[in-house]
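S.K.: Below you will find the structure I want to go over with you.
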Amino acid sequence: MSTVMNRQTLKWFLWAYVGVIFIFVFAPIVTSLIFSFNSQRFPTIPLGSFSTQWYEAVLSDPEFWESATRSLIVSVCTAVLATIIGFATAYTDFRYNFRFKGAYLALALLPPTIPLIIMALAMLAWLSRIGASGQVWSIIVAHTVLTAPFAMAIIRLRLSQMDESLEAAAWNLGANEWAAMRHVILPFAKPAIISALCLTAAVSFDEFAVAWFVSGLNKTIPVMILEIVQGNIDPRVNAIGSFVFIISMTLVIAAQLFFMAKSNKEETA
Amino acid sequence: MTTNPLVQFNSVTKRFGDFTAVNDVSFEIDRGEFVAIMGPSGCGKTTSLRMLAGLETPDGGDIIINGKRMNDVSAHERDTPLVWQSLALFPFLNVRANVEFGLKMRGMDATKRRIKSDEWLEKMEIAEFANRDISQLSGGQRQRVALARALVTEPELLLLDEPLSALDAHLVIRMQQVLTRLQKELGITFVYVTHSQSEAFAMADRVIIMGQGEIAQAGPSKDIYRAPRTRFVAEFVGRNNIIAGKVTKATNSLVHLEASFGPLTIQPSKERELKQDDAVEFAIAADFVNLHEAKPKAKAGTNVVPVTLISEEFVGSVVTLFLEAEDGSEFKTQIQERDLADIDLTSGRAFYLSWSADRTHLLEG
């Protein structure tokens, strides 16, 4: 009897725990979303009337469009580069055995474990030494370094689910190494590749610290947000924040869906 | 007949680090033969097959297919399709695209591919599944897709690596029939690797038995079953009783032995001359050993051993009985289940075993 009670209590406790976590994660975002439609300048309760004026202000600001375009270019280029590098690393791991492979993998997975601020400083120091800081492509380089390990991890997981004879089966049926790559490895890894593209794009689009250090005058959206916040109270921040949140979440959810849909389908096989 | 074999292994050796997987192996396979390579795991049978397909490169010796040395020809340039143990069907392609894969890699255009794949889907009785995903097929259907995919390029040589090991018992029998029929119809050469003697004996014209990277015995299935050359083969191919003894008297028609449980007679071998005091081993197949409730009459050339029953193993219509002589030597006998109907099979009960000396087979020392 008491164990039943205990189990019931535990269940409620766990539900409450999860609820609190969700509140902590989403309350600030939801607040920001609500205030982005609030007509008043200061974020206070009671709310003023519903208004899209802050969105209009943002959309009519050429600086916003410049930053948004730049962020888009950076995240797309980063996603493509990081996914190519991530795929190459994951495939090397899948296909070959060599000495120091452990060290190779550890090195490939290292960047996200370095504190961001140290990474950002090092990037700035290095890029300015070779005269490459403050450019759009310096942000791309820095973000690629930062996100390639995520792409690698996702693709590596997918390749580990592959029957090892699949590639050899393609050779056996007359495919040379490139044809086997194109017709077997890439189609098999496709869900993971799309997933990696979405995820690395999302990380790059959100990333602030490294971008702030190496971007110079080429501000990305997160850098622009910081500058607005530093200046004065400006509800445009809520509008931009909501916009960034929606783009990032869409990419992350898409990444999840692509990866899960394929795995589930094959599990029933 | 062997003037123009399709496949030749000439002293082929393959090592993986310190491990010699295939050691100085030579054999030939004729056109249109169904050959099974059989042996316990790690005997080198799969490595030999992979070398034929070009997926491993031999460290020594030559592999010749159709008169051409193949050692340095890469896998994709050979016409040696393999049916994989895992089947290795492409999960992201439907049935038809799987079957057409080999044709596409050879640069055949889409219309011709379609005609060819239709023909083979029809032949393997899977035409109705052409547009299904692999995940929607049963084990037997997948097996047929794998066969169609391998055969669609109409090769001279088909390699099979334990393709039936994942199937249910009743499907295995069914697929064995499909395979033997296909091989007869197409007239092409099948090289079939397996650890299962029932699969090998049921299908193959000729069996190559491997052990520890070497060929232990090669020949027609029946010869290997009835006349195993060594103790390894006798133990591997089936329910053989292997008995050791010392020669007491050797004549042209009969050899007298002293075994640990008493005197015996066996058939002399043409290949091996025996003298007094030679230590020998011989095999007597379990189905040649008869069971008696009362002591049978002694006859020349018939061996009788008193035993007690230890246990029985019932597999369908055939029962294997395990028995023990006074000194602890173990015997097996295989008997039709219907012949045992009236016999009390309490373990510990005393019986007599008998077998005829002309059914015995001397093993190599």
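A short reminder: the numbers here are calculations on the coordinates, not readings from a lab. Not measured: the values here are computed from a predicted model. When we count neighbours, we look across all protein chains shown, and the Cβ atoms used for this are built from the backbone with ideal geometry, even at glycine.
S.K.: For the pairs B:Lys123/B:Lys184; B:Lys14/B:Lys45; B:Lys249/B:Lys295; B:Lys222/B:Lys299; A:Lys101/A:Lys190, note any where the Cα-Cα span goes beyond 19 Å.
M.R.: Violating the 19 Å limit, Cα to Cα: B:Lys249/B:Lys295; B:Lys222/B:Lys299; A:Lys101/A:Lys190.
S.K.: Over region B:255-365, what per residue volume does the convex hull of the Cα atoms give, in whole Å³?
M.R.: Dividing the Cα hull volume of region B:255-365 by its residues yields 113 Å³.
S.K.: Under the Karplus relation 6.51 cos²θ - 1.76 cosθ + 1.60, θ = phi - 60°, what is the ordered set of whole-Hz ³J(HN,Hα) values for region B:229-235, x standing for Gly and Pro?
M.R.: With the stated coefficients, region B:229-235 comes to 7, 10, 4, 4, 5, 4, 6 Hz.
S.K.: Sorting B:Ser165, A:Ser204 on the 10 Å Cβ count, fewest up front, what's the list?
M.R.: Listing B:Ser165, A:Ser204 from fewest to most nearby Cβ atoms yields B:Ser165, A:Ser204.
S.K.: In addition: Would you kindly calculate the translational diffusion coefficient of region B:102-168, applying Stokes-Einstein with the Kirkwood radius from alpha carbon pairs, for 10 °C and a viscosity of 1.306 mPa s, and quote it in µm² s⁻¹ without decimals?
M.R.: 124
S.K.: Let me confirm one metric for peptide B:82-89, namely the mean number of other chain beta-carbon atoms within 10 Å of its residues' beta-carbons.
M.R.: Across the residues of B:82-89, the mean count of other-chain Cβ atoms within 10 Å is 5.
S.K.: With a cut-off of at most 14 other beta carbons within 10 Å, and DSSP calling the residue loop, which GluC sites (Glu not before Pro) in region B:281-323 qualify? Please list them.
M.R.: For GluC sites (Glu not before Pro) across region B:281-323 that sit outside H, G, I, E and B with at most 14 neighbouring Cβ atoms in 10 Å, the list reads B:Glu293.
S.K.: Tell me the mean residue ellipticity at 222 nm calculated for chain B from its helices only (DSSP H runs of n ≥ 4, each -39500 (n - 2.57), averaged over every residue, nearest 500).
M.R.: Computed ellipticity for chain B at 222 nm equals -7000 deg cm²/dmol.
S.K.: Would you tell me the mean number of C-beta atoms belonging to other protein chains that fall within 10 Å of each C-beta in B:90-96, as a whole number?
M.R.: Rounded to a whole number, the mean comes out at 5.
S.K.: Can you list the DSSP H helices in chain B whose Cα atoms extend at least 20 Å along the helix axis and whose mean Kyte-Doolittle hydropathy is 0.0 or higher?
M.R.: Span-like helices here: B:169-186.
S.K.: Taking region B:51-119, which GluC sites (Glu not before Pro) meet the DSSP loop condition and have no more than 16 other C-beta atoms within 10 Å?
M.R.: none
S.K.: Related question: GNM, chain A, Cα, under 10 Å: largest mean-square fluctuation among A:Phe35, A:Phe87, A:Phe13?
M.R.: A:Phe13
S.K.: For chain A, with a Gaussian network of springs between Cα atoms less than 10 Å apart, report the residue from A:Ile194, A:Ile253, A:Ile73 with the top mean-square fluctuation.
M.R.: With Cα springs under 10 Å in chain A, the top fluctuation among A:Ile194, A:Ile253, A:Ile73 is at A:Ile253.
S.K.: Now, a different point. Mind listing the Cα extents of the protein assembly as shown along all three principal axes, in Å, largest one first?
M.R.: 117, 75, 51
S.K.: Let me ask another. With viscosity set to 1.567 mPa s at 4 °C, what whole-number translational diffusion coefficient in µm²/s follows for region B:217-256 from Stokes-Einstein and a Kirkwood radius over Cα pairs?
M.R.: Rounded, D is 110 µm²/s.
S.K.: Sticking with this one: Quick one: which residues, 5+ away or cross-chain, put their amide H under 5 Å from the amide H of B:Val318? H built at 1.01 Å from N.
M.R.: Counting only residues 5 or more places away or on other chains, the set is B:Glu337.
S.K.: Within chain B, which is the longest segment that contains none of the trypsin sites (Lys or Arg not before Pro) sitting in a DSSP loop with at most 11 other Cβ atoms within 10 Å?
M.R.: Longest run free of exposed loop sites: B:1-269.
S.K.: Does region B:210-317 come out rounded, prolate or oblate by the C-alpha gyration tensor, with a ≥ b ≥ c the root eigenvalues, rounded set by a/c under 1.5 and, if not, prolate when a/b is larger than b/c and oblate if not?
M.R.: In terms of gyration-tensor shape, oblate.
S.K.: Of the residues B:Ile37, B:Ile266, B:Ile126, which exhibits the maximal mean-square fluctuation in a Gaussian network model of chain B defined by a 10 Å Cα contact cut-off?
M.R.: B:Ile126
S.K.: Could you work out the helix-only [θ] at 222 nm for chain A, with each DSSP H run of four or more residues adding -39,500 (n - 2.57) and the total divided by the number of residues, to the nearest 500 deg cm²/dmol?
M.R.: -25500 deg cm²/dmol
S.K.: Take every residue in peptide B:74-81, count the Cβ atoms of other chains within 10 Å of its Cβ, and give the average of those counts.
M.R.: Rounded to a whole number, the mean comes out at 4.
S.K.: Counting only C-alpha contacts under 8 Å and six or more residues apart, can you give the relative contact order of chain A as a whole percent?
M.R.: 29
S.K.: Once phi is turned into ³J(HN,Hα) by the Karplus curve 6.51 cos²θ - 1.76 cosθ + 1.60 with θ = phi - 60°, what whole-Hz value does each residue of region B:204-211 show in order, with x for glycine and proline?
M.R.: Running phi through 6.51 cos²θ - 1.76 cosθ + 1.60 with θ = phi - 60° gives 7, 6, 9, 10, 10, 9, 10, x Hz.
S.K.: Tell me the net charge near B:Leu353. Cut-off is 12 Å between Cβ atoms, B:Leu353 excluded, with +1 for each Lys or Arg and -1 for each Asp or Glu.
M.R.: -1
S.K.: Amide H of B:Gly211 versus every other amide H placed in the peptide plane: which residues, excluding those fewer than 5 positions away on the same chain, fall under 5 Å?
M.R.: B:Ala216
S.K.: Right, something else. I'd like to know how chain B sits against the 2.2 N^0.38 Å rule of thumb: what's its Cα Rg over that expected value?
M.R.: That works out to 1.19 for chain B.
S.K.: If you wrap a convex hull around the C-alpha atoms of region A:131-269 and split its volume per residue, what is the figure in Å³?
M.R.: In region A:131-269, the Cα convex hull volume per residue is 119 Å³.
S.K.: Shifting gears a bit: Neighbouring Cβ atoms within 10 Å as the yardstick, rank B:Asp344, B:Asp287 fewest first.
M.R.: Exposure proxy ranking, most exposed first: B:Asp344, B:Asp287.
S.K.: Still on this structure: Please work out the Cα center distance from region A:175-199 to region B:176-203, rounded to the nearest Å.
M.R.: 36
S.K.: Using C-alpha positions alone, give me the convex hull volume of chain A per residue in cubic angstrom.
M.R.: Per-residue hull volume (Cα only) is 218 Å³.
S.K.: Scan around B:Val22 for amide H atoms under 5 Å from its own, H built in the peptide plane at 1.01 Å from N, and keep only partners 5 or more places away or cross-chain.
M.R.: Residues meeting the amide H criterion: B:Lys14.
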